[in-house]
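J.: Quick one: structure below, then a few questions.
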Amino acid sequence: MRILITSAASPMARAVAAELKDDHQLRLLDDDPALETGEEEVGEVVRGSLLDADAVWQAVRGMDAVVHTAEPPAAPKTGNQDSMAKQQFMLDWATRGTHILFQAAVETGVRRFVYGSTLEIFSSYPEDVYISELWKPRPGPEMPAMSRYLGELVCREFARDFPVTATALRLGRIVIEEEVEGQRPDAMWLDRRDAAQAFHLALNRDRGDDLRFTARWALYHICADIPNPRFLIDSARTIGYRPEHNFHKQWKA
Amino acid sequence: MKKKLLLLGASGGVAPRVIPGLESDYDLLLADIAPRPQAGACAQVDITRYEQVLEAAAGVDAILNFSVIRGDPTQSFHVNVLGAWHVMTAAAELGISRVIHTAPQLLREDYDWDFDLDDPPAMAGTGYYTLTRMLSMEVCRVLARAHRIHTVCFLFAGVGGEFSREQVAEMRDFPAFYIVWEDLQQACRLALEIESIPDYFQEFNMLSYFGQGKYNADKAKRILGFQRPAP
């Protein structure tokens, strides 16, 4: 497949690109100058912001799938850099930017979308419950999680309105297993390589021709496979998700 | 002492017709990005600018947000989503414990064939107007719960402004999910005076005619005490 990856300069997107590059033709979209170094071997580099409809339209043209990692970019380098400006930018980027991306994608014939959401939207629940995809999200007002949740809703509505496959992955807290050795384990931990695996698997879903919205749209909780988990990953197993980095040292201790 | 209310979007299609039902009982601070064509002072406030919303809201007891942009790809997000976030953030910062928000009903397209509908799932679709208003409701819901701001969102499909509530009650038919001004005024007063809102955020169907048996306002009756004249 020809796949567009957003926020391509982010560590998450780079991991996704590394996972996909041997099997697919990649186009990497970001307006971060850091993207340009050494990425040509991975995929075609396209500079642009999700908030620039023309740039996005050019980026999605010819693609079969879009992986919207939803990794928030840095706020614009010009103008007010205070907390308010950053939060305003993040909200606009997550909502309007996601709409621009998916609108351009459906107009150019893209049929598969994968969106990177977050399990942080369940942070307010107590520790002693088992949270599946059936649980009601209760995001807090912190902009990183709330805006990502709003982007998930935008993604869902495109699956409702168009014959496309849209899959949201609610990712745990991204870490690298080797880098958190010795730390107190977290039930929300997710190794970045396993997150990339989940994106890869989600791209295999192809339900755009299904008349049922509930088949075109799917949600999966993605985190490590740990004893007595807080977040259930049984649904993700149905698409083949098998996390390889499960923090055994911490959970056995 | 009268409560002081900030009405954002005071020059729009809804607020000028709600104001007559509130002005005798509340001190109203009217605000809009555009001057109000009718008589009365109207502060110029751009809801997409947080500092302007914050300044306008200082000292008020409640904010009523009637601002809306419908079809513009950029402004619909900025006014409806970012604007709602500004309103709720200003309310949190200033300790304002009451907000009234409005949105279009989000179900007619998919549910017009069904009956006895109250509090069904929101199905906004990807249109700028409905999607951004749904997102704005989510923003209100999140911040209302986080900051304990009693927040009400009124949902309606349209307004039948030329009719009184008594006239509508006696009609043989009336557009579905439409509300007359008197009823919306009543609902606003109820929302401003109710002691608390369950879970700090609730959305309510607002309609003035129930003859079709299609949509209802039972939740508004149950929680707010919303009443209609008997037909």
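J.: Within region B:105-121, how many residues turn out to be within 12 Å of another protein chain (Cβ to nearest Cβ) and surrounded by fewer than 18 Cβ atoms within 10 Å (Cβ to Cβ)?
T.: 3
J.: So residue B:31 clears everything in (1) of a type in the set (Gly, Ala, Ser); (2) under 15 Å from the mean Cα position of the chain (by Cα); (3) not in a loop (DSSP other than H, G, I, E, B) except one condition, right? Which one?
T.: Checking residue B:31 against (1) of a type in the set (Gly, Ala, Ser); (2) under 15 Å from the mean Cα position of the chain (by Cα); (3) not in a loop (DSSP other than H, G, I, E, B), the one that fails is (2).
J.: Further question on the same structure: Do we have residue A:90 as outside any loop (DSSP other than H, G, I, E, B), open to solvent by 10 Å² or more (accessible area, probe 1.4 Å), more than 22 Å from residue A:193 (Cα to Cα) and more than 9 Å from every other protein chain (Cβ to nearest Cβ) here?
T.: yes
J.: Do we find that residue A:114 is within 14 Å of chain B (Cβ to nearest Cβ) and farther than 30 Å from residue B:200 by Cα in this structure?
T.: no
J.: Hey, among B:95, B:127, B:160, which residue is over 14 Å from the mean Cα position of the chain (by Cα) and under 23 Å from residue A:100 (Cα atoms)?
T.: After ruling out the rest, the residue left standing is B:127.
J.: Out of the residues in region B:12-25 that are open to solvent by less than 30 Å² (accessible area, probe 1.4 Å) and among the small types (Gly, Ala, Ser), state the one that is farthest from residue B:67 (Cα to Cα).
T.: The extreme case among them is B:21.
J.: Same structure again: I'm checking my understanding of the structure. Among residues of region B:67-92 that are more than 20 Å from residue B:141 (Cβ to Cβ) and of a type in the set (Val, Ile, Thr), which one is farthest from the other protein chains (Cβ to nearest Cβ)?
T.: B:69
J.: Now for a separate question. Condition check: more than 16 Å from the chain's Cα centre (by Cα) and under 27 Å from residue A:89 (Cβ atoms). Does residue A:180 satisfy that?
T.: No.
J.: Which of the following residues is away from every other protein chain (no Cβ under 14 Å), more than 18 Å from residue B:218 (Cβ to Cβ) and open to solvent by less than 20 Å² (accessible area, probe 1.4 Å): B:102, B:126?
T.: Selected residue: B:102, the only one of B:102, B:126 that is away from every other protein chain (no Cβ under 14 Å), more than 18 Å from residue B:218 (Cβ to Cβ) and open to solvent by less than 20 Å² (accessible area, probe 1.4 Å).
J.: Here's a follow-up. State yes or no: is residue B:64 open to solvent by less than 40 Å² (accessible area, probe 1.4 Å), more than 13 Å from every other protein chain (Cβ to nearest Cβ), in contact with a strand residue (DSSP E or B) (Cβ under 6 Å, 6 or more places away or on another chain) and under 23 Å from residue A:92 (Cα atoms)?
T.: Judged against the criteria, residue B:64 is a match.
J.: When residues of region A:142-176 are filtered for being closer than 19 Å to residue A:51 by Cα and either touching a Cys at 6+ places or on another chain (Cβ under 7 Å) or of a type in the set (Lys, Arg) (or both), how many remain?
T.: Here the count works out to 1.
J.: For residues that are at the interface with chain B (Cβ under 9 Å from one of its Cβ atoms) and more than 22 Å from residue A:204 (Cα to Cα), tally how many sit in region A:144-167.
T.: Of the residues in that region, 3 qualify.
J.: Sticking with this one: Please verify whether region B:138-148 includes one or more residues that are buried (at least 24 other Cβ atoms within 10 Å of the Cβ), touching a helix residue (DSSP H, G or I) at 6+ places or on another chain (Cβ under 6 Å) and either farther than 22 Å from residue A:88 by Cβ or more than 9 Å from chain A (Cβ to nearest Cβ) (or both).
T.: The answer is yes, given that some residue of region B:138-148 is buried (at least 24 other Cβ atoms within 10 Å of the Cβ), touching a helix residue (DSSP H, G or I) at 6+ places or on another chain (Cβ under 6 Å) and either farther than 22 Å from residue A:88 by Cβ or more than 9 Å from chain A (Cβ to nearest Cβ) (or both).
J.: Being more than 18 Å from residue B:136 (Cα to Cα) and either of a type in the set (Phe, Trp, Tyr) or within 11 Å of chain B (Cβ to nearest Cβ) (or both) is the filter here, so list the residues in region A:93-111 that pass it.
T.: Residues satisfying the conditions are A:102, A:103, A:106.
The values are calculated or read from the model by the stated rules, or taken from the named source; none is laboratory data. As the structure is a prediction and not an experimental result, all values here were calculated from the model. Neighbour counts run over all protein chains shown; Cβ positions are idealised from the backbone, glycine included. What goes into the accessible areas is simple: the full protein's heavy atoms, side chains included, and nothing from ligands, DNA or RNA. Shrake-Rupley method; radii C 1.70, N 1.55, O 1.52, S 1.80 Å.
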